Amino acid sequence: MSKILIVEDEDRIARFIEKGLSANGFAATVVGDGQSALHYAITGDFDLVVLDLRLPDQDGFVVLRRMRDQRVNIPVVILTARDTVHDTVAGLEGGADDYMTKPFRFEELLARVRLRLRSSDGAAETTALSNGELSLDLRSRRARIADTTVDLTAREFAMLELFLRHPGQVLSREQILSHVWGYDFDPGSNIVDVYVRALRRKIGAERIGTVRGMGYRLGK
């Protein structure tokens, strides 16, 4: 049974993750501050850490750096409300293996936890997605069109990743909301349309088509 350390100071979210991981066969331990997180990560023989960045005593980036300085090389999935490209890149370049933003969908977190555990065991993983000249590097969290880098927010990245994983498939607004905005999304919101427009401006309007009354589709 894999052991997961959850570093999260908001009790509601911590218990939500703990309950979900436990129900899926993991042994989950929750701590709410950076000092405890570092102690447990070094001494607790964990297989993976789910790490919040906004902790009451120190920034999660500090915890991550100290873990790596102490040669704690287990996978770390950052789970945070910070959704800027700067924070995403800083987390990944600082030693994190994955970066998710809140609010989140538990099924996606579970999939990423399983993926990172498999990766740490040496199993092969997909590190890039592409469609024509459009490509997405899942490790560096960067998008490119041919030789040009495209700057995306964390949510734009998540939306584009979803489209690239399902080329040619019509994705409903509800599917996109659930994947990108998480477990407490508002189904009546027009935020998907807003973000699709923003993404079209960055990658080209012709790449994402509207299927009236159904949703959106990335062309093959």
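The values are calculated or read from the model by the stated rules, or taken from the named source; none is laboratory data. Everything numeric here is computed off the predicted structure, so don't read it as measured data. Cβ placement follows ideal geometry from the backbone for every residue including glycine, while neighbour counts extend to all protein chains displayed. The protein model used for the area step is the full one, side chains on, heavy atoms only, and it has no ligands, DNA or RNA in it. Shrake-Rupley method; radii C 1.70, N 1.55, O 1.52, S 1.80 Å.
Contact annotation: no residue pair with Cβ atoms under 9 Å, 6 or more positions apart or on different chains, pairs a residue in the range 121-147 that is farther than 26 Å from VAL76 by Cβ and of a type in the set (Val, Ile, Thr) with a partner that is at pLDDT below 75 and assigned to a strand (DSSP E or B).
Taken over the range 124-182, residues that are of a type in the set (Ser, Thr, Tyr) and not in a loop (DSSP other than H, G, I, E, B) amount to 5.
Quick check, is THR88 surrounded by fewer than 20 Cβ atoms within 10 Å (Cβ to Cβ), farther than 20 Å from GLY44 by Cα and touching a residue at least 60 places away in the same chain (Cβ under 8 Å)? Criteria not met by THR88. Counting only residues that are touching a Leu at 6+ places or on another chain (Cβ under 8 Å) and either under 12 Å from MET67 (Cα atoms) or touching a residue at least 60 places away in the same chain (Cβ under 8 Å) (or both), the range 38-52 holds 7 of them.
One residue alone among ARG155, ARG165 is of a type in the set (D, E, K, R) and open to solvent by 30 Å² or more (accessible area, probe 1.4 Å), and that residue is ARG165. When we screen VAL63, VAL49 for residues that are over 13 Å from the mean Cα position of the chain (by Cα), more than 15 Å from VAL113 (Cα to Cα), of a type in the set (Val, Ile, Thr) and crowded, with 22+ Cβ neighbours inside 10 Å, the only hit is VAL63. Just a yes or no: is a residue in the range 177-190 farther than 30 Å from ALA14 by Cα and surrounded by fewer than 12 Cβ atoms within 10 Å (Cβ to Cβ)? Taking every residue of the range 177-190 in turn, none turns out to be farther than 30 Å from ALA14 by Cα and surrounded by fewer than 12 Cβ atoms within 10 Å (Cβ to Cβ).
Only one of the numbered conditions (1) open to solvent by 30 Å² or more (accessible area, probe 1.4 Å); (2) within 21 Å of SER140 (Cα to Cα); (3) of a type outside the set (Phe, Trp, Tyr); (4) more than 18 Å from the chain's Cα centre (by Cα) is violated by ILE42, and that is (2).
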